[in-house]
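A.B. asks: Attaching a single structure in structure tokens format; questions to follow.
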Ligand SMILES: [Fe+2]
């Protein structure tokens, strides 16, 4: 089979493969707070959606970010960030099965790095469970992808209904058609209610013009073995069960504030279904690292 990555690049990628890691207390609470302050101070590099907010930063822009880069390099060795920029990500809906391998066959991709900074709970008085990143044994040596059997179109988005619940809209263009003529009224779409006003319409228009970074594919499914039902119920119920076919869990990496979490970028991974564990949102630093600079 022809590989997406160029031969020499693939060789280097294979050489650097290792087990996923989760290091406790990698940075202090004070450092986490300083990083959260840095996030707040960045106004112009934000991508804000209902289900997530991304804020990009540069390692050179402050003492705390410089210190962070140095510390991470002490653990994983020298690295570059070619793909996107270093960023803060706040997630309000669990990420589904995907891989962050990028789009450049010349990029010697290395580790996904995550440093959890803050969790917000729905109810402060309830049980406070930790979120997890689910790392599967399955690997993917192709471009960045989202894994699902629903590959008929590329226009699915997660949006909030009028009750505040996240809903999977499989075709944003169909949805847009349905609301185009509406003004300040509630509509029902596939059993879910949405209040349509100008802000909502502008948001849907913005989504409908969004270009996808990840391809949608079900080629991650290479055998008929069913995914472990207990693991599915415990962690993965935000993902259709059939999408997990053939996957085998390596580790559920528990998020603790200040941890350093990393795994090979060729690993299929996802968030756990943190919404059922009283978590409203979680914020972390995310880095897609590479071994060499491509830009
Ligand atoms: Fe990811």
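A.B. asks: With a Cα-only, solvent-free Debye model of region 119-255, what are the log10 I(q)/I(0) values at q = 0.12, 0.18 Å⁻¹?
C.D. replies: Summing over Cα pairs of region 119-255 leads to -0.67, -1.15.
A.B. asks: Under a plain spin-label model, where a point goes 7 Å from the Cα along Cα-to-Cβ, how far apart in nm are residue 185 and residue 33?
C.D. replies: Simple spin-label model gives 5.2 nm for this pair.
A.B. asks: With an 8 Å Cα cut-off and a minimum separation of 6 or more residues, compute the relative contact order for region 157-208 in percent.
C.D. replies: Across region 157-208, relative contact order equals 34 percent.
A.B. asks: Counting pairwise Cα distances across region 75-158, what percent come out greater than 15 angstrom?
C.D. replies: 72 percent
A.B. asks: How much length is gained on full extension from residue 248 to residue 121, taking 0.36 nm per residue of separation minus their Cα-Cα distance?
C.D. replies: 42.8 nm
A.B. asks: Evaluated at 25 °C with a viscosity of 0.890 mPa s, what Stokes-Einstein diffusion coefficient in µm²/s does region 19-131 have when Rh comes from the Kirkwood expression over alpha-carbon pairs?
C.D. replies: Details: Rh = 16.1 Å.
The calculation lands on 153 µm²/s.
A.B. asks: Still on this structure, please answer the following. Using the Kirkwood formula over every pair of different C-alpha atoms, what hydrodynamic radius in Å results for the chain?
C.D. replies: 20.4 Å
A.B. asks: Another question, then. Within region 127-149, find all residues whose amide N lies under 17 Å from a label point positioned 7 Å from the Cα of residue 294 along Cα-to-beta-carbon.
C.D. replies: Backbone N within reach: 140-146.
A.B. asks: Any chance you could check the Cα centroid distance between region 15-59 and region 267-292 for me, in angstrom?
C.D. replies: Here the two parts' Cα centres lie 11 Å apart.
A.B. asks: Further question: Provide, as a two-decimal number, the C-alpha radius of gyration of region 212-295 over 2.2 N^0.38 Å, N being how many residues it has.
C.D. replies: Region 212-295 yields a ratio of 1.27.
A.B. asks: Now for a different question. Mean separation of Cα pairs under 8 Å and 6+ residues apart, divided by the residue count of region 179-255: what relative contact order is that in percent?
C.D. replies: Answer for region 179-255 is 21 percent.
A.B. asks: Kirkwood hydrodynamic radius of region 157-208 from all distinct Cα pairs, in Å?
C.D. replies: About 10.8 Å, per the Kirkwood formula over Cα pairs.
A.B. asks: A further question on this structure: What percent do you get for the relative contact order of the chain when only Cα pairs under 8 Å and 6+ apart count?
C.D. replies: Result for the chain is 37 percent.
A.B. asks: While we're on this one: In degrees, nearest 10, range 0 to 90: what is the angle between the Cα axis of helix 63-76 and the longest Cα principal axis of the chain?
C.D. replies: The answer is roughly 70 degrees.
Taken together, the values in this text are just the output of simple stated rules run on the coordinates, not laboratory data. Just so we're clear, the structure is a prediction, and the values are computed from it rather than from any experiment. FYI the Cβ positions are ideal-geometry reconstructions off the backbone, even for glycines, and counts take in every protein chain you see.
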